[in-house]
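Enquirer: Take this structure first; my questions come after.
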Amino acid sequence: MPLALVHVKNEDPIVAELDELPSATDNLIILKNPRRRDGKDIHYLDNQVTLVIFPYERINFVEILPGAEEEEIISFVRE
C-alpha cells in the first residue's frame, strides 16, 4: 500500500496510505489513516476518522513516499 504526502491547499501536508496510485482521469483521492507528518491528528478531522475523500481541486500535489519494502532491498557490490 503506497504511502503519500498530500499537500492540501491552505493546510499542512497530510501523510496517508493509498490503495492504489491515482490515475490521470480521477476526480477524487481516497486517503486511509490520514495524519500530520509528525503523526498527530489533523485538527479539522474527527479523531476516529480512518478514511477521507478529497476532490483534486483541494489538492496542490501528491508525493509518493518510498515504502518499507523498497527500503529493505539489499544490493550486492563487488570489491
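No value in this document is a laboratory result; all are computed from the given coordinates. Since this is a predicted model, take the numbers as computed values, not measurements. Here the Cβ is made from the backbone with ideal geometry for all residues, glycine too, and neighbour counts use every protein chain on show.
Enquirer: Label 7 Å along Cα→Cβ of residue 5; the range 16-32 residues with amide nitrogen under 15 Å?
Expert: So the set is 16-17.
Enquirer: Shifting gears a bit: How would you order 1-13, 19-31, 37-49 from highest to lowest mean count of nearby Cβ atoms within 10 Å?
Expert: Going from most to least packed, we get 1-13, 19-31, 37-49.
Enquirer: Still on this structure, I have one more. Sketch the reach of a paramagnetic label on residue 32 as a point 7 Å from Cα along Cα-to-Cβ, and name the residues of the range 1-18 whose backbone nitrogen lies under 17 Å away.
Expert: Residues passing the 17 Å test: 1-6, 15-18.
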